[in-house]
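See below for the structure under consideration.
Please treat every number below as a calculation from the coordinates, not as lab data. What you see is a predicted model, and the numbers here were worked out from it, not measured in a lab. Backbone-built Cβ (ideal geometry, glycine too); neighbour counts: all protein chains shown.
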Amino acid sequence: MTTDIHDNAVAVPAAPPRFHRPSVFAVVIAIAFAAFFIQGVLLAGITPERLMRGIVNLGRFIALAMPPDFTKLDVIAYAMLETLNMAIVGVAVGVVLSVPFALLASTNTTPHRLVRTATQFVIATMRTIPDLIWALIFVVAVGLGPLAGILAIIVDTIGFCARFFAERIEEVRPGPSEALASTGGGRLSVIFGAVVPETFASMTGTSLFAVEKAIRSAVTLGLVGAGGIGVELSTAMRLFNFDEAAAIVMVILVVVVGFEQISSLIRRRVM
Amino acid sequence: MAAALEVKGLKKSFGDVTVLRGVDFTLAKGEGAVLLGANGCGKSTMLRCLNRLTSFESGTVRVHGTDVSTLAGAKLKIVRRELGYVFQQFNLIGNVSVFQNVLFGALGHPGGGLINSLSAFAPQAERDRAMHCLERVGLADKAPFRAHALSGGQQQRVAIARMLMQSPTIVIADEPIASLDPKAGREVLELLFRIVSEERLTVLCTLHQLDLAREFGPRIIGMKDGRVVIDAATDSIHISELEGLYRADGATSAASASRHAAE
Ligand SMILES: Nc1ncnc2c1ncn2[C@@H]1O[C@H](COP(=O)(O)OP(=O)(O)OP(=O)(O)O)[C@@H](O)[C@H]1O
Ligand SMILES: [Mg+2]
């Protein structure tokens, strides 16, 4: 029955075309991107002569920075400790505060739609403004020193964690919550008995990422005077003590990498 | 004496989709019934209306005489305490211990609440009671394990222990064995119905296996297209009537629609 086979072949619709004509939207985006890119390259003013000068300067910097000067290691170590303290305090407070923020911002746990929108707006603001700018603001508010850095890290952590916590909370399967609601439990009992435990593993993972992030930002916050090792680094750079700066950078490198190792070790064990 | 459960003219729709078109049935205290019906006929929705996990548009649901349709807050919680649910997906809390899951059964008790239901702070008497409930489902040795470390059959038995901890007067089981293998399923069903008869509880249980339904349910309630079309003592129903519930043609005999159980 070859005709049957032939008939069947005819009945099968044609395969989709190999290429699609790009939509107007895609073309507009591509042109806008190209325009920005070209303008950016022009703005950077790249010339062979400047590139050469940059390479020479970099070479001179490295020559001056080597060997690193570890004579002020005690000061550097103390500043590094202060950095770690700032990060730990800031991230701990930030993570704890992220939980209520996240609960208020999730559809399934918020007391009201408007509360949710308002909280989401606050979280988005915290996240969108970079940590260095928060540090500048808090330096104005509470003066130079680690407190400004801690406050900046708290805000930055909430912006990061509350968002991911909220996303996880919205994904929680409704079953366990319904089971606890069915026993006659109140709203808070259901939230802290079912929703929070269900999200616990993911929250721990996110929090550890937040710790790594906080240590990196604690290092830079000192550049604007918010305490920690960044203060030492910017001083050394400004006084052209490049060998001391190199020592500081190395200490930072060792501590941050070490911390990330510990953190990923914990994350693997928890998740 | 008020019936344990009295449902009249219960209607519910999700947007344009009408799921329940007027469900009527009554369960006397201590009575047991199996609820049958094809996928999507509205069984789960109806069961969720009984304690207002889902709200409904019209009709009444009375639990021991109390109309639940307008209840809220503390009064709703008091009614919910009377209805112990067992779900197809067990609905245990994954990251906490089996013991903690059972303790959560007492969340709605007077003087219960979250703090008194946490393993660390619960009164000794409650902790003992939780262990007793686990003992009754044969899982006392699993108390410290995380709930998700257990097999499906074991998880459902933990859910039954949690329901025991709640000490309800009515048990609502929505396909309690649908995610279990035949052997574990039968064991769980036997356990559930043994506990129900020992505690003289009222029970309404949905199943998809006709043979199990006829074996365990003294009475069968059959739903089709959002209505109760069969409601009779199991012995008086012919198997072909039950099979009719699953036919798409809607040809349910008028005789079975009008027949009701002699109570
Ligand atoms: N939250 C919801 N939103 C919209 N539609 C829903 C919702 N819950 C249930 N439905 C619809 O209601 C109908 C009945 O669903 P229900 O779960 O009550 O059926 P069921 O009888 O329990 O079926 P099954 O045997 O598969 O469990 C289905 O068509 C379903 O799509
Ligand atoms: Mg169902």
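Quick notes on this one:
- Annotation: aspartates and glutamates with alpha-carbon distance below 14 angstrom to B:LYS11 (same-chain offsets under eight excluded): B:ASP24, B:GLU57, B:ASP225.
- When +1 charges are put on Lys and Arg Cβ atoms and -1 charges on Asp and Glu Cβ atoms, the dipole computed for the range B:94-167 relative to its Cα centre reaches about 140 debye.
- B:ALA140 versus A:GLU170: modelled label distance in nm, points set 7 Å from Cα along the beta carbon direction: 4.7
- Percent of Cα pairs in the range B:70-171 per distance bin of 5 Å, from zero to the largest separation: 3, 14, 25, 26, 19, 10, 3, 1, 0.
- For the pair B:SER240 and A:MET52, label points projected 7 Å from Cα toward Cβ lie 10.2 nm apart.
- Each Lys or Arg adds one and each Asp or Glu takes one away; over the other residues whose Cβ falls under 10 Å from the Cβ of B:LEU71, this sums to +3.
- Counting DSSP beta bridges with both ends in the protein assembly as shown, the antiparallel % (nearest 5): 55
- Nitroxide proxy distance, nm - points 7 Å out along Cα→Cβ at A:TYR78 and A:LEU144: 1.6
- Positive end of the dipole of the range A:73-270 (Cβ unit charges, origin at the Cα centre): among A:LEU253, A:LEU84, A:PHE138, the Cα lying farthest that way belongs to A:PHE138.
- Debye equation applied to the C-alpha atoms of the range A:16-104, log10 I(q)/I(0) at 0.19 Å⁻¹: -0.93
- Among A:MET52, A:MET250, B:MET165, the ranking by other beta carbons within 10 Å of each residue's beta carbon, starting with the fewest, stands as A:MET52, A:MET250, B:MET165.
- Cα-centred dipole magnitude for the range A:73-270, charges only on beta-carbon of K, R (+1) and D, E (-1), debye, nearest 20: 660
- Added length on full extension, which subtracts the Cα-Cα distance from 0.36 nm per residue, B:SER69 to B:SER13: 18.6 nm
- For the range A:73-270, the Kirkwood hydrodynamic radius comes to 18.0 Å, computed from all pairs of different C-alpha atoms.
- Helix-only arithmetic for chain A: the sum of -39500 (n - 2.57) across DSSP H runs with n ≥ 4, divided by the residue total, places the mean residue ellipticity at 222 nm at -26500 deg cm²/dmol.
- Computed over neighbours whose Cβ is under 10 Å from that of A:PRO68, the net charge equals -3, Lys and Arg +1, Asp and Glu -1.
- Considering only A:GLY90, A:GLY193, A:GLY227, the Gaussian network model of chain A with Cα springs below 10 Å gives its largest mean-square fluctuation to A:GLY193.
- Cβ-based net charge around A:THR117, under 15 Å, with every Lys or Arg adding one and every Asp or Glu removing one: +2
- Mean residue ellipticity at 222 nm, helices only, chain B: -10000 deg cm²/dmol; runs of at least 4 DSSP H residues each add -39,500 (n - 2.57), and the sum is divided by the number of residues.
- Going from the fewest other Cβ atoms within 10 Å to the most, the residues A:VAL231, A:VAL91 appear in the order A:VAL231, A:VAL91.
- Size descriptor, Kirkwood hydrodynamic radius, that averages inverse alpha-carbon separations across the protein assembly as shown, Å: 28.5
- Between helix A:24-44 and chain A: long-axis angle, C-alpha atoms, 0 to 90°, nearest 10: 10
- Taking amide H as placed 1.01 Å from N in the peptide plane, the amide H of B:LEU36 sits under 5 Å from that of B:ILE221, B:GLY222, B:MET223, each at least 5 places away or on another chain.
- A DSSP coil position with no more than 12 other Cβ atoms inside 10 Å describes the following chymotrypsin sites (Phe, Trp or Tyr not before Pro) in the range A:185-271: A:PHE240.
- Among B:ASP16, B:ASP67, B:ASP128, residue whose mean-square fluctuation peaks in a GNM of chain B (springs only between Cα atoms under 10 Å): B:ASP16
- Of the residues B:SER97, B:HIS148, B:PRO110, the one whose Cα sits farthest towards the positive end of the charge dipole of the range B:94-167 is B:HIS148 (charges of +1 on Lys and Arg Cβ, -1 on Asp and Glu Cβ, taken about the Cα centre).
- The ranking of A:ASP131, B:ASP225 from fewest to most other beta carbons within 10 Å of each one's beta carbon is B:ASP225, A:ASP131.
- Seen against the Cα atoms of chain B and their longest principal axis, helix B:182-198 is set at about 80 degrees.
- Convex hull of Cα atoms in chain B, direction-averaged projection (nm²): 14.3
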